Amino acid sequence: MTATSSSLHTGPHGPYFSFTNALRFRGDGFTLSDDEPFAYRWYDKDRLVLGRRMEDQLRFAACYWHSFVGTGTDPFGDATFARPWHADGDAMQQAQHKADVAFELFQVLGVPFFTFHDRDIAPEARTLAESNDNVRRIADIFERKMAQTGVRLLWGTANLFSHPRYMAGAATNPDPDVFAYAAAQVRNVLDVTHRLGGANYVLWGGREGYETLLNTDLKRELAQMGRFLSMVVEHKHRIGFKGQILIEPKPAEPTKHQYDFDVAAVHGFLRTYGLEHEVKVNIEQNHALLAGHTYEHEIVLAQALGIFGSLDMNRGDEMLGWDTDQFPHNVQQVALALYHVLRGGGIGAGGLNFDAKLRRQSIEPDDLVWAHASAMDVCARALLIAEKMVIDGALQRHVDARYAGWDGERGRTILDGGLSLEDLARDVERRGIEPQPCSARQERLEHLVASYL
(Lines give C-alpha, C1' and ligand atoms only; values in the text may rest on other atoms or scores of the structure.)
Protein backbone atom coordinates (compact mmCIF):
# COMPACT_ATOMS: atom_id res chain seq x y z
CA MET A 1 0.00 0.00 0.00
CA THR A 2 1.12 3.57 -0.66
CA ALA A 3 0.40 6.41 1.76
CA THR A 4 -2.13 8.95 0.51
CA SER A 5 -3.44 12.25 1.87
CA SER A 6 -5.94 10.30 4.01
CA SER A 7 -3.76 7.46 5.26
CA LEU A 8 -0.71 8.91 7.00
CA HIS A 9 0.38 6.79 9.96
CA THR A 10 1.82 8.78 12.85
CA GLY A 11 2.98 7.77 16.31
CA PRO A 12 1.39 8.38 19.70
CA HIS A 13 2.98 11.85 19.90
CA GLY A 14 0.95 13.02 16.89
CA PRO A 15 2.25 14.70 13.73
CA TYR A 16 5.77 16.10 13.92
CA PHE A 17 5.58 18.07 10.67
CA SER A 18 3.05 20.68 9.62
CA PHE A 19 2.68 18.71 6.37
CA THR A 20 -0.05 16.36 7.55
CA ASN A 21 -0.84 15.06 4.05
CA ALA A 22 1.41 13.32 1.55
CA LEU A 23 2.89 15.69 -1.03
CA ARG A 24 1.31 15.47 -4.46
CA PHE A 25 2.40 16.02 -8.03
CA ARG A 26 0.61 19.15 -9.25
CA GLY A 27 2.60 20.06 -12.36
CA ASP A 28 4.52 23.13 -13.44
CA GLY A 29 1.58 25.55 -13.48
CA PHE A 30 0.29 24.93 -9.96
CA THR A 31 0.16 27.91 -7.59
CA LEU A 32 1.21 27.12 -4.02
CA SER A 33 -0.91 28.25 -1.10
CA ASP A 34 -0.88 28.28 2.68
CA ASP A 35 -2.94 25.08 2.64
CA GLU A 36 -0.54 23.42 0.21
CA PRO A 37 2.88 25.10 0.56
CA PHE A 38 4.70 22.50 -1.53
CA ALA A 39 3.72 20.29 -4.45
CA TYR A 40 5.90 18.39 -6.88
CA ARG A 41 6.32 20.16 -10.20
CA TRP A 42 8.31 17.38 -11.87
CA TYR A 43 8.15 14.26 -9.69
CA ASP A 44 5.19 12.41 -11.20
CA LYS A 45 5.95 8.92 -9.90
CA ASP A 46 3.68 7.15 -12.40
CA ARG A 47 4.97 8.96 -15.48
CA LEU A 48 6.74 6.61 -17.88
CA VAL A 49 10.39 7.43 -18.54
CA LEU A 50 11.97 5.18 -21.17
CA GLY A 51 9.22 2.66 -20.53
CA ARG A 52 9.47 2.56 -16.73
CA ARG A 53 7.64 4.50 -14.02
CA MET A 54 9.56 7.51 -12.77
CA GLU A 55 9.44 6.12 -9.24
CA ASP A 56 11.11 2.92 -10.45
CA GLN A 57 13.77 4.80 -12.45
CA LEU A 58 14.77 6.92 -9.44
CA ARG A 59 14.05 4.67 -6.43
CA PHE A 60 14.42 7.52 -3.92
CA ALA A 61 15.52 6.76 -0.36
CA ALA A 62 15.73 8.96 2.73
CA CYS A 63 18.58 8.19 5.10
CA TYR A 64 18.12 7.75 8.83
CA TRP A 65 21.42 9.15 10.10
CA HIS A 66 21.61 12.76 8.92
CA SER A 67 17.85 13.26 9.00
CA PHE A 68 17.08 11.94 12.49
CA VAL A 69 20.40 11.46 14.28
CA GLY A 70 22.16 14.65 13.21
CA THR A 71 22.11 17.45 15.77
CA GLY A 72 23.49 20.33 13.71
CA THR A 73 26.88 20.30 15.42
CA ASP A 74 30.04 21.29 13.58
CA PRO A 75 33.71 21.41 14.71
CA PHE A 76 33.12 24.87 16.18
CA GLY A 77 29.56 24.76 17.48
CA ASP A 78 27.13 22.81 19.60
CA ALA A 79 23.85 21.18 18.55
CA THR A 80 21.21 23.38 16.95
CA PHE A 81 18.54 20.77 16.16
CA ALA A 82 16.33 20.32 19.23
CA ARG A 83 14.65 17.02 18.32
CA PRO A 84 12.47 15.52 21.08
CA TRP A 85 14.22 12.13 20.82
CA HIS A 86 17.58 13.79 21.52
CA ALA A 87 16.46 14.73 25.04
CA ASP A 88 17.19 12.70 28.15
CA GLY A 89 14.97 9.71 28.70
CA ASP A 90 14.67 5.99 28.11
CA ALA A 91 16.87 5.32 25.08
CA MET A 92 14.62 2.69 23.52
CA GLN A 93 11.52 4.86 23.96
CA GLN A 94 13.39 7.67 22.23
CA ALA A 95 14.33 5.27 19.42
CA GLN A 96 10.64 4.37 19.05
CA HIS A 97 9.74 8.08 18.87
CA LYS A 98 12.42 8.59 16.24
CA ALA A 99 11.01 5.69 14.18
CA ASP A 100 7.52 7.21 14.36
CA VAL A 101 8.78 10.52 12.99
CA ALA A 102 10.96 8.84 10.36
CA PHE A 103 8.05 6.97 8.84
CA GLU A 104 5.92 10.10 9.03
CA LEU A 105 8.53 11.88 6.90
CA PHE A 106 8.78 8.97 4.46
CA GLN A 107 5.01 9.10 3.93
CA VAL A 108 4.81 12.88 3.56
CA LEU A 109 7.54 12.78 0.90
CA GLY A 110 6.28 9.65 -0.82
CA VAL A 111 9.76 8.10 -0.91
CA PRO A 112 9.56 4.37 -1.65
CA PHE A 113 12.71 3.51 0.35
CA PHE A 114 14.80 4.35 3.42
CA THR A 115 18.33 3.47 4.60
CA PHE A 116 19.92 3.09 8.05
CA HIS A 117 22.97 2.28 10.18
CA ASP A 118 22.41 0.08 13.24
CA ARG A 119 23.53 2.82 15.62
CA ASP A 120 21.09 5.28 14.01
CA ILE A 121 18.03 3.28 14.85
CA ALA A 122 18.85 1.80 18.26
CA PRO A 123 21.09 2.76 21.19
CA GLU A 124 24.32 0.96 21.99
CA ALA A 125 24.10 -0.98 25.26
CA ARG A 126 26.56 -2.46 27.76
CA THR A 127 27.34 -5.50 25.60
CA LEU A 128 27.21 -6.30 21.91
CA ALA A 129 24.50 -8.90 22.55
CA GLU A 130 22.30 -6.23 24.14
CA SER A 131 23.10 -3.71 21.40
CA ASN A 132 22.23 -6.21 18.68
CA ASP A 133 19.00 -7.07 20.50
CA ASN A 134 18.09 -3.37 20.54
CA VAL A 135 18.53 -3.28 16.76
CA ARG A 136 16.31 -6.33 16.32
CA ARG A 137 13.61 -4.81 18.56
CA ILE A 138 13.50 -1.66 16.44
CA ALA A 139 13.44 -3.89 13.35
CA ASP A 140 10.23 -5.38 14.76
CA ILE A 141 8.77 -1.87 14.73
CA PHE A 142 10.09 -1.25 11.22
CA GLU A 143 8.45 -4.43 10.02
CA ARG A 144 5.04 -3.23 11.20
CA LYS A 145 5.50 0.26 9.84
CA MET A 146 6.72 -1.00 6.47
CA ALA A 147 3.61 -3.18 6.20
CA GLN A 148 1.38 -0.21 7.08
CA THR A 149 2.98 2.31 4.73
CA GLY A 150 4.49 0.33 1.85
CA VAL A 151 7.89 1.96 2.43
CA ARG A 152 10.74 -0.48 1.73
CA LEU A 153 14.37 -0.81 2.77
CA LEU A 154 16.94 0.13 0.12
CA TRP A 155 19.84 -0.89 2.32
CA GLY A 156 21.13 -1.34 5.81
CA THR A 157 24.65 -1.01 7.15
CA ALA A 158 26.63 -1.24 10.39
CA ASN A 159 28.35 1.76 11.95
CA LEU A 160 31.97 0.62 12.21
CA PHE A 161 33.51 4.06 12.61
CA SER A 162 31.96 6.15 15.43
CA HIS A 163 32.90 4.23 18.58
CA PRO A 164 36.45 4.65 19.94
CA ARG A 165 37.03 0.91 19.53
CA TYR A 166 37.16 1.60 15.78
CA MET A 167 39.63 4.49 15.93
CA ALA A 168 42.22 2.29 14.15
CA GLY A 169 39.68 0.71 11.84
CA ALA A 170 37.33 -2.26 12.00
CA ALA A 171 38.38 -4.90 9.47
CA THR A 172 41.85 -3.32 9.28
CA ASN A 173 42.37 -2.96 13.03
CA PRO A 174 45.66 -4.25 14.54
CA ASP A 175 43.58 -6.05 17.22
CA PRO A 176 41.80 -9.23 16.02
CA ASP A 177 39.22 -8.79 18.80
CA VAL A 178 38.06 -5.57 17.16
CA PHE A 179 37.86 -7.40 13.82
CA ALA A 180 35.71 -10.08 15.47
CA TYR A 181 33.48 -7.51 17.19
CA ALA A 182 32.91 -5.73 13.86
CA ALA A 183 32.11 -9.06 12.18
CA ALA A 184 29.50 -9.83 14.84
CA GLN A 185 27.97 -6.39 14.40
CA VAL A 186 27.80 -6.78 10.60
CA ARG A 187 26.30 -10.27 10.90
CA ASN A 188 23.43 -8.84 12.95
CA VAL A 189 22.70 -5.96 10.56
CA LEU A 190 22.95 -8.15 7.47
CA ASP A 191 20.49 -10.57 9.06
CA VAL A 192 18.12 -7.69 9.89
CA THR A 193 18.47 -6.26 6.37
CA HIS A 194 17.62 -9.68 4.93
CA ARG A 195 14.64 -10.04 7.24
CA LEU A 196 13.27 -6.62 6.23
CA GLY A 197 13.61 -7.40 2.51
CA GLY A 198 16.46 -4.97 1.90
CA ALA A 199 17.59 -4.61 -1.70
CA ASN A 200 21.27 -4.07 -0.76
CA TYR A 201 23.75 -4.13 2.09
CA VAL A 202 26.41 -1.38 2.22
CA LEU A 203 29.86 -1.25 3.80
CA TRP A 204 31.46 2.16 4.25
CA GLY A 205 35.01 1.91 5.56
CA GLY A 206 35.37 5.32 7.17
CA ARG A 207 38.24 4.10 9.35
CA GLU A 208 39.59 1.48 6.94
CA GLY A 209 42.81 3.26 6.09
CA TYR A 210 45.69 4.90 7.89
CA GLU A 211 46.93 8.17 9.35
CA THR A 212 50.64 7.41 8.99
CA LEU A 213 52.75 4.61 7.56
CA LEU A 214 55.05 4.92 10.59
CA ASN A 215 52.76 2.53 12.49
CA THR A 216 50.90 0.78 9.65
CA ASP A 217 51.40 -2.59 7.95
CA LEU A 218 49.49 -1.75 4.78
CA LYS A 219 49.79 -5.18 3.15
CA ARG A 220 48.51 -6.91 6.29
CA GLU A 221 45.56 -4.50 6.62
CA LEU A 222 44.50 -5.03 3.01
CA ALA A 223 44.55 -8.79 3.56
CA GLN A 224 42.38 -8.38 6.67
CA MET A 225 39.94 -6.23 4.73
CA GLY A 226 39.80 -8.79 1.94
CA ARG A 227 39.03 -11.58 4.41
CA PHE A 228 36.36 -9.50 6.16
CA LEU A 229 34.55 -8.76 2.92
CA SER A 230 34.78 -12.40 1.86
CA MET A 231 33.14 -13.38 5.15
CA VAL A 232 30.30 -10.93 4.48
CA VAL A 233 29.74 -12.46 1.03
CA GLU A 234 29.88 -15.98 2.46
CA HIS A 235 27.24 -15.08 5.06
CA LYS A 236 25.06 -13.46 2.39
CA HIS A 237 24.91 -16.76 0.53
CA ARG A 238 24.51 -18.77 3.72
CA ILE A 239 21.32 -16.93 4.73
CA GLY A 240 19.98 -16.62 1.18
CA PHE A 241 20.16 -12.83 0.97
CA LYS A 242 19.48 -11.90 -2.67
CA GLY A 243 20.46 -8.24 -2.44
CA GLN A 244 23.66 -6.61 -3.63
CA ILE A 245 26.69 -6.15 -1.37
CA LEU A 246 28.00 -2.63 -1.92
CA ILE A 247 31.17 -0.73 -0.97
CA GLU A 248 30.97 3.06 -0.78
CA PRO A 249 34.26 4.61 -1.99
CA LYS A 250 35.74 7.69 -0.33
CA PRO A 251 39.35 8.94 -0.50
CA ALA A 252 39.81 10.54 2.92
CA GLU A 253 38.03 12.05 5.92
CA PRO A 254 37.82 10.80 8.56
CA THR A 255 40.90 8.66 7.82
CA LYS A 256 43.79 10.47 6.13
CA HIS A 257 44.04 7.81 3.40
CA GLN A 258 41.27 5.25 2.93
CA TYR A 259 41.77 1.99 1.08
CA ASP A 260 38.46 2.38 -0.80
CA PHE A 261 39.74 5.63 -2.34
CA ASP A 262 37.59 5.61 -5.49
CA VAL A 263 35.89 3.22 -7.93
CA ALA A 264 39.19 2.21 -9.54
CA ALA A 265 40.80 1.42 -6.19
CA VAL A 266 37.77 -0.61 -5.08
CA HIS A 267 37.77 -2.59 -8.33
CA GLY A 268 41.45 -3.38 -7.99
CA PHE A 269 40.87 -4.52 -4.42
CA LEU A 270 37.91 -6.70 -5.42
CA ARG A 271 39.88 -8.37 -8.21
CA THR A 272 42.78 -9.07 -5.86
CA TYR A 273 40.50 -11.03 -3.54
CA GLY A 274 38.28 -12.60 -6.23
CA LEU A 275 35.21 -10.57 -5.29
CA GLU A 276 34.66 -8.55 -8.48
CA HIS A 277 31.53 -10.59 -9.33
CA GLU A 278 30.15 -10.48 -5.79
CA VAL A 279 30.45 -6.82 -4.73
CA LYS A 280 29.49 -3.54 -6.40
CA VAL A 281 29.82 0.13 -5.45
CA ASN A 282 27.55 2.77 -3.97
CA ILE A 283 28.82 6.06 -5.45
CA GLU A 284 28.46 9.50 -3.88
CA GLN A 285 29.01 12.78 -5.73
CA ASN A 286 30.69 14.44 -2.77
CA HIS A 287 33.14 11.56 -2.40
CA ALA A 288 33.89 11.64 -6.13
CA LEU A 289 34.84 15.32 -5.82
CA LEU A 290 37.16 14.62 -2.89
CA ALA A 291 38.91 11.98 -5.02
CA GLY A 292 39.45 14.52 -7.81
CA HIS A 293 36.74 13.10 -10.08
CA THR A 294 33.32 14.08 -11.37
CA TYR A 295 30.23 12.14 -10.37
CA GLU A 296 29.69 10.94 -13.92
CA HIS A 297 33.32 9.72 -14.13
CA GLU A 298 32.78 7.38 -11.20
CA ILE A 299 29.41 6.22 -12.56
CA VAL A 300 30.73 5.48 -16.06
CA LEU A 301 33.87 3.78 -14.74
CA ALA A 302 31.82 1.56 -12.43
CA GLN A 303 29.59 0.62 -15.36
CA ALA A 304 32.60 -0.13 -17.56
CA LEU A 305 34.11 -2.36 -14.85
CA GLY A 306 30.81 -4.11 -14.13
CA ILE A 307 30.49 -2.98 -10.50
CA PHE A 308 27.88 -0.19 -10.68
CA GLY A 309 25.38 -0.69 -7.85
CA SER A 310 23.69 2.38 -6.38
CA LEU A 311 23.99 6.14 -5.81
CA ASP A 312 24.08 8.53 -2.89
CA MET A 313 22.44 11.64 -4.29
CA ASN A 314 24.12 14.46 -2.41
CA ARG A 315 26.60 17.11 -3.44
CA GLY A 316 29.67 18.84 -2.11
CA ASP A 317 30.45 22.51 -1.95
CA GLU A 318 33.08 23.00 -4.64
CA MET A 319 34.58 25.91 -2.67
CA LEU A 320 35.18 23.74 0.39
CA GLY A 321 37.52 20.79 0.71
CA TRP A 322 35.46 18.46 2.88
CA ASP A 323 32.37 16.31 2.77
CA THR A 324 29.52 18.82 3.19
CA ASP A 325 26.68 16.40 2.35
CA GLN A 326 24.29 18.90 0.79
CA PHE A 327 21.05 18.16 -1.03
CA PRO A 328 21.35 18.34 -4.84
CA HIS A 329 20.18 21.52 -6.57
CA ASN A 330 22.20 21.71 -9.82
CA VAL A 331 19.91 20.33 -12.53
CA GLN A 332 22.64 20.03 -15.18
CA GLN A 333 24.97 18.09 -12.88
CA VAL A 334 22.24 15.66 -11.90
CA ALA A 335 21.02 15.33 -15.50
CA LEU A 336 24.49 14.31 -16.70
CA ALA A 337 24.76 11.71 -13.93
CA LEU A 338 21.32 10.28 -14.70
CA TYR A 339 22.03 10.33 -18.44
CA HIS A 340 24.88 7.90 -17.87
CA VAL A 341 22.76 5.83 -15.48
CA LEU A 342 20.06 5.49 -18.16
CA ARG A 343 22.64 4.79 -20.89
CA GLY A 344 24.04 2.02 -18.69
CA GLY A 345 20.67 0.32 -18.28
CA GLY A 346 19.22 2.10 -15.25
CA ILE A 347 19.66 2.01 -11.50
CA GLY A 348 18.78 -1.69 -11.15
CA ALA A 349 18.47 -2.86 -7.54
CA GLY A 350 20.11 0.35 -6.34
CA GLY A 351 18.51 3.72 -5.82
CA LEU A 352 19.06 7.42 -5.21
CA ASN A 353 19.70 7.77 -1.49
CA PHE A 354 19.72 11.27 0.02
CA ASP A 355 22.81 10.94 2.23
CA ALA A 356 22.41 14.66 2.87
CA LYS A 357 21.93 16.86 5.91
CA LEU A 358 20.33 20.17 6.68
CA ARG A 359 22.51 23.20 7.22
CA ARG A 360 22.85 23.86 10.96
CA GLN A 361 20.71 27.01 10.74
CA SER A 362 17.78 25.04 9.25
CA ILE A 363 16.33 24.06 12.60
CA GLU A 364 12.59 23.70 11.94
CA PRO A 365 11.13 20.21 11.45
CA ASP A 366 9.59 21.28 8.14
CA ASP A 367 13.07 22.07 6.81
CA LEU A 368 13.53 18.29 6.49
CA VAL A 369 10.49 18.12 4.23
CA TRP A 370 11.53 21.07 2.07
CA ALA A 371 15.09 19.80 1.65
CA HIS A 372 14.10 16.30 0.56
CA ALA A 373 11.11 17.29 -1.56
CA SER A 374 13.01 20.02 -3.41
CA ALA A 375 15.84 17.57 -4.11
CA MET A 376 13.39 14.97 -5.39
CA ASP A 377 11.92 17.51 -7.79
CA VAL A 378 15.40 18.48 -9.02
CA CYS A 379 16.19 14.82 -9.68
CA ALA A 380 12.86 14.27 -11.44
CA ARG A 381 13.43 17.26 -13.70
CA ALA A 382 16.98 16.06 -14.39
CA LEU A 383 15.68 12.58 -15.22
CA LEU A 384 13.35 14.01 -17.88
CA ILE A 385 16.26 15.95 -19.38
CA ALA A 386 18.39 12.80 -19.35
CA GLU A 387 15.58 10.95 -21.11
CA LYS A 388 15.57 13.59 -23.87
CA MET A 389 19.31 13.20 -24.27
CA VAL A 390 19.03 9.42 -24.57
CA ILE A 391 16.13 9.51 -27.04
CA ASP A 392 17.69 12.24 -29.17
CA GLY A 393 20.99 10.35 -29.26
CA ALA A 394 22.97 13.34 -30.57
CA LEU A 395 25.62 13.18 -27.87
CA GLN A 396 26.14 9.46 -28.37
CA ARG A 397 26.37 9.91 -32.15
CA HIS A 398 29.30 12.29 -31.62
CA VAL A 399 31.01 9.70 -29.42
CA ASP A 400 30.32 6.89 -31.88
CA ALA A 401 31.69 8.95 -34.78
CA ARG A 402 34.84 9.76 -32.84
CA TYR A 403 35.65 6.07 -32.35
CA ALA A 404 34.27 4.81 -35.67
CA GLY A 405 37.70 3.64 -36.87
CA TRP A 406 37.82 1.04 -34.12
CA ASP A 407 34.57 -0.47 -35.39
CA GLY A 408 36.09 -1.07 -38.84
CA GLU A 409 37.92 -4.23 -39.89
CA ARG A 410 41.40 -2.90 -39.10
CA GLY A 411 40.42 -1.59 -35.67
CA ARG A 412 38.74 -4.85 -34.72
CA THR A 413 41.74 -6.87 -35.95
CA ILE A 414 44.10 -4.83 -33.78
CA LEU A 415 41.99 -5.33 -30.65
CA ASP A 416 41.37 -9.01 -31.35
CA GLY A 417 45.13 -9.67 -31.40
CA GLY A 418 45.34 -10.35 -35.10
CA LEU A 419 48.21 -7.89 -35.65
CA SER A 420 51.54 -7.67 -33.84
CA LEU A 421 53.64 -4.62 -33.09
CA GLU A 422 55.84 -5.59 -36.05
CA ASP A 423 52.80 -5.94 -38.35
CA LEU A 424 51.57 -2.46 -37.47
CA ALA A 425 55.02 -0.92 -37.89
CA ARG A 426 55.42 -2.42 -41.40
CA ASP A 427 51.89 -1.40 -42.38
CA VAL A 428 52.35 2.23 -41.33
CA GLU A 429 55.63 2.50 -43.29
CA ARG A 430 54.29 0.70 -46.36
CA ARG A 431 51.15 2.83 -46.60
CA GLY A 432 52.82 6.06 -45.55
CA ILE A 433 50.23 6.71 -42.84
CA GLU A 434 50.47 10.22 -41.38
CA PRO A 435 47.47 10.72 -39.01
CA GLN A 436 46.04 14.24 -38.73
CA PRO A 437 44.46 15.64 -35.54
CA CYS A 438 40.66 15.83 -35.42
CA SER A 439 38.67 18.24 -33.26
CA ALA A 440 37.02 16.73 -30.20
CA ARG A 441 34.37 19.48 -30.43
CA GLN A 442 34.08 19.93 -26.66
CA GLU A 443 32.50 23.39 -26.80
CA ARG A 444 29.95 22.21 -29.35
CA LEU A 445 29.01 19.30 -27.09
CA GLU A 446 28.77 21.54 -24.01
CA HIS A 447 26.36 23.72 -25.99
CA LEU A 448 24.41 20.60 -26.96
CA VAL A 449 24.00 19.55 -23.32
CA ALA A 450 22.94 23.06 -22.29
CA SER A 451 20.30 23.08 -25.04
CA TYR A 452 18.39 20.28 -23.29
CA LEU A 453 17.92 22.30 -20.10
Point to revise | Within the chain, longest stretch free of exposed chymotrypsin sites (Phe, Trp or Tyr not before Pro) [DSSP loop, at most 10 other beta carbons within 10 Å] | key: 77-402
Check your understanding: Mind checking which lysines have their C-alpha under 25 Å from Lys98, skipping anything on the same chain fewer than 8 residues away?
Key -> Lys145, Lys357
Revision key, fill the gap. The long-range amide H neighbours of Gly209, using H built 1.01 Å from N in the peptide plane and a cut-off of under 5 Å, are Tyr259
Revision key, fill the gap. Expected vector for segment 429-437, Karplus 3J(HN,Hα) from phi with 6.51, -1.76, 1.60 and θ = phi - 60°, integer Hz, x for Gly and Pro, equals 5, 5, 8, x, 6, 10, x, 10, x
Check your understanding: Among the DSSP beta bridges whose two residues both lie in the chain, what percent are antiparallel, rounded to the nearest 5?
Key -> 20 percent
Check your understanding: Taking a ≥ b ≥ c as the square roots of the eigenvalues of the Cα gyration tensor of segment 164-208, is the shape rounded (a/c under 1.5), prolate (a/b larger than b/c) or oblate?
Key -> prolate
Review point. How far is helix 218-239 tilted, in degrees, relative to the longest principal axis of the Cα atoms in the chain, given as a value from 0 to 90 rounded to the nearest 10?
Key: 70 degrees
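Tally Lys/Arg at +1 and Asp/Glu at -1 over every other residue whose Cβ is under 15 Å from the Cβ of Gly169; what's the total?
Summing Lys/Arg as +1 and Asp/Glu as -1 gives -1.
Report, in listed order, any pair from Lys236/Lys280; Lys45/Lys280; Lys250/Lys280; Lys219/Lys256 with a Cα-Cα distance greater than 19 Å.
Listed pairs above 19 Å: Lys45/Lys280.
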Exercise for review: Just need the relative contact order of the chain here, percent rounded to a whole number, with Cα pairs under 8 Å and 6+ apart.
Suggested key: 15 percent
**Study point:** the chain: angle of helix 331-343 to the longest principal axis, Cα-based, in degrees nearest 10
**Key:** 70 degrees
Revision key, fill the gap. The base-10 log of I(q)/I(0) that the Debye equation returns for segment 295-361 at q = 0.13, 0.14, 0.21, 0.26 Å⁻¹, one scatterer per C-alpha, is -0.39, -0.45, -0.92, -1.23
**Study point:** Approximate spin-label separation Thr413-His237, in nm, with each point projected 7 Å along Cα-to-Cβ
**Key:** 4.4 nm
Check your understanding: What are the ³J(HN,Hα) values, in whole Hz, obtained from phi via the Karplus relation 6.51 cos²θ - 1.76 cosθ + 1.60 with θ = phi - 60°, for each residue of segment 109-123 in sequence order, with x given for Gly and Pro?
Key -> 6, x, 6, x, 9, 9, 9, 7, 9, 4, 6, 6, 8, 8, x
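Loop by DSSP (not H, G, I, E, B), at most 12 other beta-carbon atoms within 10 Å: where is the longest site-free stretch of the chain for trypsin sites (Lys or Arg not before Pro)?
257-453
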Practice item. Under a cut-off of 14 Å between alpha-carbon atoms, report the aspartates and glutamates in cross-link reach of Lys242, not counting same-chain residues fewer than 8 places apart. Key: Asp191, Glu234, Glu278
Exercise for review: Quickly estimate the mean residue ellipticity at 222 nm for the chain, helices only: each DSSP H run with n ≥ 4 gives -39500 (n - 2.57), and the total goes over all residues, rounded to 500.
Suggested key: -14000 deg cm²/dmol
Exercise for review: Provide the net charge surrounding Asp423, with neighbours chosen by a C-beta distance below 15 Å and charges set as Lys +1, Arg +1, Asp -1, Glu -1.
Suggested key: 0
Exercise for review: Rounded to the nearest 0.05, what FRET efficiency do Ala223 and His257 give with R0 = 25 Å and r taken as the Cβ-Cβ distance? Could you check?
Suggested key: 0.90
Review point. Any idea how far apart Asp133 and Asp423 come out in nm if each label point goes 7 Å out from Cα toward Cβ?
Key: 7.0 nm
Check your understanding: Going by a ≥ b ≥ c, the root eigenvalues of the Cα gyration tensor, does segment 170-319 fall in the rounded group (a/c under 1.5), the prolate group (a/b larger than b/c) or the oblate group?
Key -> oblate
Review point. Once the other residues with Cβ under 14 Å from the Cβ of Thr10 are scored (Lys, Arg +1; Asp, Glu -1), what is the net sum?
Key: +1
Check your understanding: Once a ≥ b ≥ c are taken as the square roots of the eigenvalues of the Cα gyration tensor of the chain, is the result rounded (a/c under 1.5), prolate (a/b larger than b/c) or oblate (a/b not larger than b/c)?
Key -> oblate
Review point. Mind checking the angle between helix 263-272 and the chain's longest principal axis? C-alpha axes, 0 to 90 degrees, to the nearest 10.
Key: 80 degrees
Check your understanding: Per residue, how much accessible area does segment 49-134 show when a 1.4 Å probe rolls over the protein heavy atoms, in square angstrom?
Key -> 36 Å²
Revision key, fill the gap. Given backbone amide H placed at 1.01 Å from N, residues whose amide H is under 5 Å from that of Asp323, ignoring those fewer than 5 places away on the same chain, are none
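The values are calculated or read from the model by the stated rules, or taken from the named source; none is laboratory data. What you see is a predicted model; the values in this text were computed from it and never measured. Counting neighbours? That spans all protein chains shown, and the Cβs are built from the backbone with ideal geometry, glycine included. Remember, those area values only see protein heavy atoms, side chains included, never the ligands or the DNA or RNA. Shrake-Rupley method; radii C 1.70, N 1.55, O 1.52, S 1.80 Å.
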